[in-house]
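Since every read-out is calculated from the coordinates, none of them should be taken as a lab result. For clarity, every value in this text was computed on a predicted model and none was experimentally measured. Every residue, glycine as well, gets a Cβ built from its backbone with ideal geometry; the counts of neighbours run over all protein chains shown.
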Amino acid sequence: MYAHDEVRGWDEEGPPDEVVDAASTLLRMLADPTRMRILWVLSVREYDVAALTEQVGGVRPAVSQHLAKLKLAGLVESRKSGRRSLYRVRGVHVRALLTEVFSAADHQTAGMPDHESSAARVGVARDVSARGAG
């Protein structure tokens, strides 16, 4: 369980519908390998479209379309620098989410166990249930 779970007051029912909807949109945006690479690179520093295309591979029109979708979803922001637009990830949560997803995928592809045992996860679930019942 994470500290922000208690602060937000999310119990077994989970977060409110608008938060679930926003999370679903975020995960749809992450469901494309190119967009995942773009977000990872933009979480480190700003890039213009040309440099970003070179960094992630691909063709400029496709990278531009991905950037437009990511910007519309609120995951990327841009600013003007002369005639160029520079892009960066909006907020710190995207990098943390990508790190977690890549770590889980790495464990799965390498056949490594999770860091936390299933017994510990069950204990956390029981703790949450006990607090909700009290």
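Quick look at the values:
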{"read-out": "Label-to-label distance, nm, for residues given as residue 62 and residue 93 (7 Å Cα→Cβ offset)", "value": "2.9 nm"}
{"read-out": "Label-point gap, in nm, between residue 18 and residue 54 - each point 7 angstrom along Cα→Cβ", "value": "4.3 nm"}
{"read-out": "Point-to-point label distance, residue 81-residue 69, nm (Cα→Cβ direction, 7 Å offset)", "value": "2.6 nm"}
